[in-house]
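Data first, discussion second: the structure below is written as structure tokens.
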Amino acid sequence: MQRLIKRMFQTIVLVICAFYAFLIVYAYIPGEVIPLDELKSQDDKFFSHSEHRVRYQLLSEFSLEKPNLILIHGFGNSLGTWDSLASRLNNTYNVFAIDMIGFGLSEKPIDYKYTNLNQASIIESFAETMNMESFIIGGHSLGGAVAMHVAMNNEKTQGLILFNPGIINTGVPEFSKYLNLIFPMSRVSAKQFANRDFREGFLKQSYHNPTIVTEKVMDRVILGSQTKDYMPGMSSMLSKTYDANEAELMNSVKLPTLIVFGIEDRNKSMKEAEQLRDGFTNSRLEIIQNAGHYVHEESPVSVSQIIIKSLKFLTTKDE
């Protein structure tokens with residue numbers, strides 16, 4: 001009996017070792033890399049923040065008569081997530097979108113400190129580059145948490161728009177953050193996020209209407225994973241944990257805050273929407289039916305109408 005148990009134990013150890021070896025090999029198999037000049041479009045522009053390349057686009061016709069609206073995407077995404085919404089805001093706002101460092105076609109440095117506060121500092125560089133005197137900041141999911149820090153720390157900010165933000169609930173399982181601290185799991189996770197089929201299945205769980213996840217959407221989502229610095233940069237990002245305390249800071253935001261919430265979000269509830277409304281002292285909550293986590297992509301008409309109607313609210317600071 002003891003010999004049987006010993007053999008079973010040895011077999012289990014061998015299986016675990018073989019699987020671990022497989023993960024290491026899988027993690028370091030080279031993926032497709034495409035030169036930046038072939039990935040970027042004629043609409044892409046770049047500026048420098050802390051000596052790192054950051055991509056941005058102007059998604060509307062520019063006019064000095066319109067307020068500036070800067071939009072920040074969520075985790076694993078890029079500025080293309082705002083295309084449908086931005087086109088409907090053209091007559092009311094100058095709409096700019098950026099790729100945060102580590103995403104899209106922005107640089108993905110290994111030694112960058114990927115905190116929400118540090119990502120928020122990019123907007124100061126952008127506003128200076130564009131000679132903006134004021135702007136409204138908006139963010140989706142992770143970008144919402146980043147936008148919140150912009151609203152707290154940048155005096156040029158007039159208002160804040162949150163789209164199903166990752167402030168109270170980030171949507172990231174707690175165990176996965178610690179799993180990625182084990183070699184080579186951060187690299188395995190980065191590789192999975194670069195896998196088109198995996199990302200497509202993952203994304204479809206985030207939309208109320210999964211048919212929105214078209215080949216065009218996937219081309220945009222996968223874009224950043226084709227850059228030469230994707231694997232080392234994303235692996236570095238995932239291999240570190242940072243404390244996030246945005247939920248504790250909500251009442252520190254005094255600017256007008258518009259919360260646009262897709263109620264069919266599988267990871268967020270009406271209770272969370274109400275917590276956001278009550279947490280921000282000067283806020284309006286707009287619930288969007290038949291829309292999930294990507295509320296701005298699933299309901300661009302309804303969301304754009306709300307943002308247009310909220311222009312005066314977002315640009316009027318309490319004295």
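Examine the range 253-264 for a residue that is surrounded by fewer than 20 Cβ atoms within 10 Å (Cβ to Cβ), free of Cβ contacts under 8 Å to residues at least 12 places away in the same chain, over 24 Å from LEU117 (Cα atoms) and in the same structural domain as TYR178 (by TED's automatic domain parsing), and state whether such a residue exists.
The answer is no; no qualifying residue exists.
Quick one: what pairs do we get from the range 92-111, first residue on the phi > 0 side of the Ramachandran plot, second in a loop (DSSP other than H, G, I, E, B), C-beta under 7 Å, 6+ apart or different chains?
Correct list of pairs: GLY102/LYS108; GLY102/TYR112; GLY102/TYR114; GLY104/SER78.
Please work out if THR115 is under 25 Å from VAL295 (Cα atoms), in the same structural domain as LEU249 (by TED's automatic domain parsing) and surrounded by fewer than 18 Cβ atoms within 10 Å (Cβ to Cβ).
Considered against the rule, which asks whether it is under 25 Å from VAL295 (Cα atoms), in the same structural domain as LEU249 (by TED's automatic domain parsing) and surrounded by fewer than 18 Cβ atoms within 10 Å (Cβ to Cβ), THR115 comes out as yes.
Exactly one condition in (1) assigned to a helix (DSSP H, G or I); (2) surrounded by 14 or more Cβ atoms within 10 Å (Cβ to Cβ); (3) not hydrophobic (A, V, I, L, M, F, W, C) is false for ASP197; which is it?
Failed condition: (2).
Limited to the range 222-245, what total is found for residues that are touching a helix residue (DSSP H, G or I) at 6+ places or on another chain (Cβ under 9 Å) and either in a loop (DSSP other than H, G, I, E, B) or closer than 30 Å to ARG277 by Cα (or both)?
Residues that pass the stated criteria total 7.
Within the range 210-220, which residues are farther than 30 Å from ARG277 by Cα and outside any loop (DSSP other than H, G, I, E, B)?
Scanning the range 210-220 gives THR211, GLU215, LYS216, VAL217, MET218, ASP219, ARG220.
Can you pull out every residue in the range 283-319 that is of a type in the set (Gly, Ala, Ser), over 18 Å from LEU89 (Cβ atoms) and in contact with an Asp or Glu (Cβ under 7 Å, 6 or more places away or on another chain)?
Result: GLY292, single match.
Please find, among GLU272, GLU297, GLU248, the residue that is surrounded by fewer than 22 Cβ atoms within 10 Å (Cβ to Cβ), in a helix (DSSP H, G or I) and in contact (Cβ under 8 Å) with a residue 40 or more places away in the chain.
Sole residue among the options that is surrounded by fewer than 22 Cβ atoms within 10 Å (Cβ to Cβ), in a helix (DSSP H, G or I) and in contact (Cβ under 8 Å) with a residue 40 or more places away in the chain: GLU272.
Given ALA127, ALA97, which one is surrounded by 24 or more Cβ atoms within 10 Å (Cβ to Cβ), out of contact with any Pro (no Cβ under 8 Å at 6 or more places or on another chain) and either among the aromatic types (Phe, Trp, Tyr) or assigned by TED's automatic domain parsing to the domain that holds HIS293 (or both)?
ALA97
Of all the helices (runs of 4 or more DSSP H) wholly in the range 1-117, which have at least 1 residues that are under 18 Å from the mean Cα position of the chain (by Cα) and of a type outside the set (A, V, I, L, M, F, W, C)?
Qualifying helices (runs of 4 or more DSSP H): 83-87.
State the number of residues belonging to the range 183-227 that are more than 18 Å from ARG266 (Cβ to Cβ) and either among the polar types (S, T, N, Q) or not assigned by TED's automatic domain parsing to the domain that holds PRO300 (or both).
Residues that pass the stated criteria total 8.
Consider ILE259 carefully, then state whether it is more than 30 Å from THR315 (Cα to Cα) and either assigned to a loop (DSSP other than H, G, I, E, B) or of a type in the set (A, V, I, L, M) (or both).
Against the criterion (more than 30 Å from THR315 (Cα to Cα) and either assigned to a loop (DSSP other than H, G, I, E, B) or of a type in the set (A, V, I, L, M) (or both)), ILE259 does not qualify.
Going through PHE62, PHE46 one at a time, which residue ends up being within 30 Å of LEU258 (Cα to Cα) and exposed (fewer than 13 other Cβ atoms within 10 Å of the Cβ)?
That would be PHE62, the only listed residue that is within 30 Å of LEU258 (Cα to Cα) and exposed (fewer than 13 other Cβ atoms within 10 Å of the Cβ).
Give me the pairs, please: first residue somewhere in the range 122-138 and of a type in the set (S, T, N, Q), second residue anywhere and part of a loop (DSSP other than H, G, I, E, B) and modelled with pLDDT of 95 or more, beta-carbon distance under 7 Å, and either six or more positions apart or on two chains.
From the range 122-138, the pairs are SER134/LYS156.
The values are calculated or read from the model by the stated rules, or taken from the named source; none is laboratory data. All figures in this text were calculated on a predicted structure; none of them were measured in a lab. Cβ coordinates were reconstructed from backbone atoms using ideal geometry, including for glycine residues, and neighbour counts include every protein chain displayed.
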